[in-house]
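Where a number appears in this text, it was derived from the coordinates with a stated rule and is not lab data. Every value quoted in this text rests on a predicted model; they were computed, and no experiment measured them. Heads up, the Cβs are rebuilt from the backbone with ideal geometry, glycines too, and the neighbour counts pull from every protein chain shown.
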Amino acid sequence: LFFSVDDYPRLGTLIQMNPSIKTREDNAALWQALLDNRIQVIATDHAPHTLAEKQQPYPQSPSGLPAVENSLALLLNQVAQGRCTLEQVVHWMCDAPARVWDIINKGRIAVGYDADLVLVDLRRTQMIRNEEQQTKCGWSPWHGETLTGWPVRTWVMGHEVFREGRIDETRPGQEAQYDHARGGYWKTA
């Protein structure tokens, strides 16, 4: 959604992944499929290879990149640019994934659901900096990019676990619970 083959001269193996980055036209087609509801979920992996590993020449460089940490801010920036709505981002990143994978009590704010919440500041403008990344690899392929719209606080099961760049590691997460008998999103939507 955020890179094309035009970014290879600038970023090289930092954006090497499987499947590989495609053209701007492919990128536009993915966005159109999201907007037309042909794609329901936005998800990403998180391959925290070090910069030294990623800067090796191809094919010695590993595929994958650290993306989870900046994924919400990248999508909030698309909201700020008018490409999509906040409601669409919530659907793509919360509701639909929970339904697709039959995750119990996750994905929405409702009675009986876990109090998993993210407070975002839609007006906050901030630059992504490698030195501020929480991931252990300590870098982002979006280093130097300025985005509008940032997560500022997070609660998991009602407990605050993130505030203004600081993680509270005293509250460990819990294993997700699944209900495969529900039939998933595709059978209930």
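Taking loop as defined by DSSP and a crowding limit of 16 other beta carbons within 10 Å, which GluC sites (Glu not before Pro) in region 89-153 fit?
Hits after loop and neighbour filter: E145.
By the scheme Lys and Arg +1, Asp and Glu -1, what is the net charge of all other residues having a beta-carbon under 12 Å from that of A80?
Neighbourhood net charge equals +2.
Using only Cα atoms and rounding to the nearest 10 degrees, what angle (0 to 90) does helix 24-35 make with the longest principal axis of the chain?
Long axis of 24-35 versus the principal axis of the chain: about 10 degrees.
Helix 68-80: angle to the longest alpha-carbon principal axis of the chain, degrees 0 to 90, nearest 10?
80 degrees
So what is the diffusion coefficient of region 97-149 in µm² per second by Stokes-Einstein at 10 °C and 1.306 mPa s, using a Kirkwood Rh over Cα pairs?
For the chosen part, D equals 114 µm²/s.
How do R153, R10 rank when sorted from fewest to most other Cβ atoms within 10 Å of their own Cβ?
The fewest-first ordering by Cβ neighbours comes to R10, R153.
Among K106, K22, K136, K54, rank each residue by its count of other Cβ atoms within 10 Å, from fewest to most, as a rough exposure measure.
Listing K106, K22, K136, K54 from fewest to most nearby Cβ atoms yields K136, K22, K106, K54.
Just need the relative contact order of region 5-188 here, percent rounded to a whole number, with Cα pairs under 8 Å and 6+ apart.
Once divided by the residue count of region 5-188, the mean separation gives 20 percent.
In sequence order, what are the phi-derived ³J(HN,Hα) couplings for region 102-112 according to the Karplus relation 6.51 cos²θ - 1.76 cosθ + 1.60 with θ = phi - 60°, rounded to whole Hz, with x for glycine and proline?
Karplus values, whole Hz, x for Gly and Pro: 6, 7, 6, 6, 10, x, 7, 9, 6, 4, x.
By what distance, in whole Å, do the Cα atoms of region 61-123 stretch along each of the three principal axes, largest value first?
42, 34, 17
Among E160, E87, E53, determine the one that fluctuates most according to a GNM of the chain built with springs between C-alpha atoms less than 10 Å apart.
E87
Please report, in whole Å³, the volume per residue of the convex hull around the C-alpha atoms of region 95-189.
Measuring per residue, one finds 143 Å³ for the Cα hull of region 95-189.
Whose amide H sits under 5 Å from the amide H of V161, counting only residues 5 or more places off or on another chain, with H placed in the peptide plane?
T154, W155, V156
Sorted from largest down, what three extents in whole angstroms do the Cα atoms of region 1-136 have along their principal axes?
52, 33, 33
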